[in-house]
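Just so it is clear, none of the values below were taken in a lab; they were calculated from the coordinates. Not measured: the values here are computed from a predicted model. Cβ: placed from backbone, ideal geometry, glycine included. Neighbour counts: every protein chain shown.
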Amino acid sequence: TCDTGDQQTTAAVQLKEAAATIVERLKDVATYEGEDAVFECRLSRETAQDAQWFLGDVPLQSNEMNEIRVQGTRHSLILRKVTLEDCGSISFKVGQHSSAA
């Protein structure tokens, strides 16, 4: 606001959240049946954007078999006690960016 006494004008500042990018991509994991498989990636910044993990085309949620963690810019997925049916592509998507292993 600029106020000269008898006149006043006001303007506003609006900010848009910059899109996060993936700076550390997923790496392939090889493990034994019955063990845990851990996937991690790191973003350029902490973000409020929806990030999503997938096994093939199936979106994953945190439950007793899948643990999804976010610690600052680091996102991780732990597949508990994997079986042969868990073999396949794991992907992580945030905004328009994705990484797969």
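A compact table of results
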quantity: Stretch gain in nm, segment Ser98-Ser44, where the contour uses 0.36 nm per residue and the Cα spacing is subtracted; calculated: 18.1 nm
quantity: Listed values (1) 1.31; (2) 0.96; (3) 0.92, entry calculated as Rg/Rh (Cα atoms, Kirkwood Rh); calculated: (1)
quantity: DSSP-loop trypsin sites (Lys or Arg not before Pro) across the stretch 5-39, with at most 12 other Cβ within 10 angstrom; calculated: Lys16, Lys27
